[in-house]
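Presented below is the structure to which this report refers.
The values are calculated or read from the model by the stated rules, or taken from the named source; none is laboratory data. Quantities reported herein were computed from a predicted structural model and do not represent experimental measurements. When we count neighbours, we look across all protein chains shown, and the Cβ atoms used for this are built from the backbone with ideal geometry, even at glycine. Quick note on the areas: whole protein, heavy atoms, side chains included, nothing else; ligands and nucleic acids left out. Shrake-Rupley method; radii C 1.70, N 1.55, O 1.52, S 1.80 Å.
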Amino acid sequence: MNFLEERIIKDGLVKEGNVLKVDTFLNHQMDVELLDEIGREFYRRFSDLKITKVLTIEASGIAIAYSVARCFGVPMVFAKKAKSVNIDGEMYTAEVESFTHKNKNQVIVSKKVLSSDDKILIVDDFLANGCALQGLISIAEDAGATVEGIGIAIEKGFQYGGRSIRNLGYRLESLAIVESMDAETHTIVFREQ
């Protein structure tokens, strides 16, 4: 069992509807030492690649992506879920559906921050159905950038997202893959990696 799996067992909470709450240490209140460890682990796993940018989606992926980008010494870009006055000019857009929030968002990235020269590492906190990842891949492809790899903190292995992304040929590394979880017994089983 790795450091993230241990933390999920210790502080995670399984709720009805295949929801795994990790909001006391990962995506609401954040354990910064854990985030640093996650950044170092993704750097270790992807250090053979020439990454020029780390790409994520707001909001929960930002802290993880920041930690990873810091380890690589490259900029971190996040797709925004709403256009604001600070983003002007042309944009890349994609529609993504959130498993957690049960809604669809049009996400945007300014064309000023991604280019065909970029070698992208996509990072996010959760992977369930893969909709957010597919949106980020679409944005990277629209920019002409190369998606070199994808790093996920927690993958729900019993849902189809990981399988579909791997079937597309992407190098996908997840730190913790939940094979099954039960809200009634509060048990979590991780996939052997």
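Assorted remarks:
- Extreme residue, farthest from residue 176 (Cα to Cα), among residues of region 97-111 that are assigned to a loop (DSSP other than H, G, I, E, B) and touching a strand residue (DSSP E or B) at 6+ places or on another chain (Cβ under 9 Å): 111
- Residue list for region 152-193, restricted to those being in contact with a Lys or Arg (Cβ under 7 Å, 6 or more places away or on another chain) and part of a strand (DSSP E or B): 172, 173, 177, 178, 179
- Matching residues, region 38-56, being β-branched (Val, Ile, Thr) and either part of a helix (DSSP H, G or I) or touching a His at 6+ places or on another chain (Cβ under 7 Å) (or both): 38
- Members of region 101-116 found to be of a type in the set (Val, Ile, Thr) and open to solvent by 40 Å² or more (accessible area, probe 1.4 Å), listed by number: 113
- Filtered residues of region 122-148 (kept if open to solvent by less than 20 Å² (accessible area, probe 1.4 Å), hydrophobic (A, V, I, L, M, F, W, C) and under 22 Å from residue 178 (Cβ atoms)): 122, 123, 127, 128, 133, 136
- Qualifying residues in region 18-37 (those that are part of a strand (DSSP E or B) and in contact with a Gly (Cβ under 8 Å, 6 or more places away or on another chain)) - the one farthest from residue 189 (Cα to Cα): 21
- Flag for residue 119 being of a type in the set (D, E, K, R), crowded, with 21+ Cβ neighbours inside 10 Å and modelled with pLDDT of 95 or more: no
- Qualifying residue in region 166-173 (condition: open to solvent by 10 Å² or more (accessible area, probe 1.4 Å) and either of a type in the set (A, V, I, L, M, F, W, C) or at pLDDT below 95 (or both)): yes
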